[in-house]
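The values are calculated or read from the model by the stated rules, or taken from the named source; none is laboratory data. Quick caveat: nothing in here was measured; it's all calculated off a predicted structure. We place every Cβ from the backbone using ideal geometry, glycine too, and count neighbours over all the protein chains shown.
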Amino acid sequence: MSLRTIKAMDQSWHEECFVCAGPCKKPLVGTSFYERDGKPYCRIDFEQMFAARCFGCTKVITENAIVALNGKWHRECFKCKKCQTPITESTFAVEDQKPLCAACSG
């Protein structure tokens, strides 16, 4: 057992105890980490457990998202249900909870 301590999140930790609280349990000493409810997480576990997921592809959204149709979308996933063209206009039609571009909805 190490005698080194780590100061993080306003607490002191034994070096070997400062590990990801997610499934991986990887050591976090010397790495960046995320905090949630007083527990440290590596980036991968944090995103898998807590990040928003795209309504189109169901993958984690880590950057800006489009909020529409009661969900969040990657910009590239918010595309017309019929022609698959990305929808960049602020107005669009909806069919079966999927967006339709103006050309396909007319």
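Return only the number of the condition from (1) β-branched (Val, Ile, Thr); (2) surrounded by 13 or more Cβ atoms within 10 Å (Cβ to Cβ); (3) modelled with pLDDT of 90 or more that residue 6 does not satisfy.
(3)
Quick check on segment 48-67. Is at least one of its residues in contact with an Asp or Glu (Cβ under 9 Å, 6 or more places away or on another chain), modelled with pLDDT under 95, assigned to a loop (DSSP other than H, G, I, E, B) and loosely packed, with under 12 Cβ neighbours inside 10 Å?
yes
Scan segment 9-22 and tell me whether some residue there is in contact with a helix residue (DSSP H, G or I) (Cβ under 6 Å, 6 or more places away or on another chain) and surrounded by 17 or more Cβ atoms within 10 Å (Cβ to Cβ).
yes
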